[in-house]
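Enquirer: Got a structure for you, questions after.
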Amino acid sequence: MTNPDLGLLQPYPFEKIRSLLANTPDSDKNRIALSVGEPKHAAPSFVHEAMLNALSGLENYPTTRSSDALREAIATWLVNRFGLSTPADVLASRHVLPVSGTREALFAIAQTVLDRTAKQRDVLMPNPFYQIYEGATLLAGCKPCFYAIDDNTDDNLAAIPDAAFESAQLFYLCNPGNPTGGVASEEAMVALIERAQKFGVTLVSDECYSEIYRETSGAPVGLLTAAKKTGLDDYRGLLVFHSLSKRSNLPGLRSGFVAGDASLIDAFANYRTYHGCTLPPPTQAASAAAWADETHVAANRAAYDEKYNAVLPLLEPIMNTRTPAAGFYLWPTLTMDDKEATQRLHSEENVAVVPGSYLARDINGTNPGTNRIRLALVAPLDECIEAANRMVRCLS
């Protein structure tokens, strides 16, 4: 026997892509992958050194809440980055919990906070979306409810009716958005917090792309910053998730954190004492070093900005696209079916992309990803330029 809720899960996008391309021959050209959002920039060398210097920690069991040093490094970063008024030592002791990758944590938080016996069993999430939100909701015995998003995040949030909040327990916000790159303003987040507080909805903000912003757009405001404007100094009902995967090019480290409401942090820590997924001591040391440095993060942003500046002029004649405020994706509109475009790019040019419709759900007969593709500008600059030229040749 197995958990019957597993039968509710839809295939992950990359499983569907493998099926879509199963009978499509590869081009003899070298493969350029713009499909998976896996950073390819070099990881900081000092992170490697910090991990190697902490190998003696392998002799010890790590604690669920990780080391004081890691929580303090995270808390200091939060205060400096988001201008929080809560002292770093208070954040570190009560409001921060390191986690082994935000993918895992964004799933596990639903198992912690959702009550499958409650009358209100809806979970609000963006569409298109990170499929972990949906799977977490279904396996917690609740119902995914989608709100459409594009790069106009403020308008998207304002369009959600109060009735949706009335029937919900949890709200997933992805800010900056994946795949749209849209960023919510502080005013929009203040309004969102106020509505969530009014209806007793827990707000979970996935902010994993917050440090990959365009320098010309400026740094996105975080949910905890907006909380100050509402007088929620205790961050009641609010949680933010951050990761080193995108910020520091460390997806294999599986290191991030959740911060916010101390009572929810305590509940999550209690869940994780059984769920596991504690960070090994060398990973903790490497993570603390990464959170303490901003130089490599600025260089990372500059590298993405260079790729956008090089690729956009090449692609604009064949697709409707523009540089997003944050993230490392392009989310262009095509004049052809997104699945057909994906197949053609694979077979004719050996360029891997994701069909937009695979990242979204059909709601009332409309899929917001239809005739779109997602391009992750994670490959080296020369490969991104080559991929753009191949796309022009293939899709013109």
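Enquirer: Considering only the range 295-325, state which residues are without any contact (Cβ under 8 Å) to a residue 24 or more places away in the chain and within 29 Å of V47 (Cβ to Cβ).
Expert: Result: T295, A298, A299, N309.
Enquirer: Please report, ordered by residue number, the helices (runs of 4 or more DSSP H) entirely within the range 222-286 with at least 1 residues that are touching a Pro at 6+ places or on another chain (Cβ under 9 Å) and in contact (Cβ under 8 Å) with a residue 60 or more places away in the chain.
Expert: Details: elements: 223-229, 244-247, 262-275.
Correct list: 244-247.
Enquirer: Hey, another quick one. Quick check on this structure: which one of A269, A288, A262 is within 17 Å of V79 (Cβ to Cβ), out of contact with any Gly (no Cβ under 7 Å at 6 or more places or on another chain) and surrounded by fewer than 19 Cβ atoms within 10 Å (Cβ to Cβ)?
Expert: A262 is the lone residue from the list that is within 17 Å of V79 (Cβ to Cβ), out of contact with any Gly (no Cβ under 7 Å at 6 or more places or on another chain) and surrounded by fewer than 19 Cβ atoms within 10 Å (Cβ to Cβ).
Enquirer: Could you say which residue among E349, E294, E386 is out of contact with any strand residue (DSSP E or B) (no Cβ under 7 Å at 6 or more places or on another chain), farther than 30 Å from T63 by Cα and not hydrophobic (A, V, I, L, M, F, W, C)?
Expert: Being out of contact with any strand residue (DSSP E or B) (no Cβ under 7 Å at 6 or more places or on another chain), farther than 30 Å from T63 by Cα and not hydrophobic (A, V, I, L, M, F, W, C) holds for just one of E349, E294, E386, which is E349.
Enquirer: Just checking, which of L97, L91, L106, L84 is part of a loop (DSSP other than H, G, I, E, B), surrounded by 20 or more Cβ atoms within 10 Å (Cβ to Cβ) and not acidic (D, E)?
Expert: None of the other options fit; the residue is L84.
Enquirer: Does K228 qualify as being crowded, with 17+ Cβ neighbours inside 10 Å, under 27 Å from L192 (Cα atoms) and more than 21 Å from the chain's Cα centre (by Cα)? Write out each step before concluding.
Expert: Values: crowded, with 17+ Cβ neighbours inside 10 Å: yes; under 27 Å from L192 (Cα atoms): yes; more than 21 Å from the chain's Cα centre (by Cα): yes.
Spelling it out, K228 is indeed crowded, with 17+ Cβ neighbours inside 10 Å, under 27 Å from L192 (Cα atoms) and more than 21 Å from the chain's Cα centre (by Cα).
Enquirer: Residues being part of a loop (DSSP other than H, G, I, E, B) and farther than 21 Å from G181 by Cα: count how many of those fall in the range 336-361.
Expert: Residues flagged as part of a loop (DSSP other than H, G, I, E, B) and farther than 21 Å from G181 by Cα within the range 336-361 amount to 3.
Enquirer: Would you confirm, using the coordinates I've provided, whether T283 is in contact with a Phe, Trp or Tyr (Cβ under 6 Å, 6 or more places away or on another chain) and either buried (at least 21 other Cβ atoms within 10 Å of the Cβ) or modelled with pLDDT of 95 or more (or both)?
Expert: Numbers: in contact with a Phe, Trp or Tyr (Cβ under 6 Å, 6 or more places away or on another chain): no; either buried (at least 21 other Cβ atoms within 10 Å of the Cβ) or modelled with pLDDT of 95 or more (or both): yes.
No, not satisfied.
Enquirer: Restricting to the range 158-167, what's the tally of residues that are among the small types (G, A, S), under 11 Å from F199 (Cβ atoms) and out of contact with any Cys (no Cβ under 7 Å at 6 or more places or on another chain)?
Expert: The number of residues fulfilling the criteria is 2.
Enquirer: Right, something else. Just to verify a result, which residue in the range 298-322, among those that are surrounded by 18 or more Cβ atoms within 10 Å (Cβ to Cβ) and of a type in the set (V, I, T), is nearest to G369 (Cα to Cα)?
Expert: T321
The values are calculated or read from the model by the stated rules, or taken from the named source; none is laboratory data. Quick caveat: nothing in here was measured; it's all calculated off a predicted structure. Counting neighbours? That spans all protein chains shown, and the Cβs are built from the backbone with ideal geometry, glycine included.
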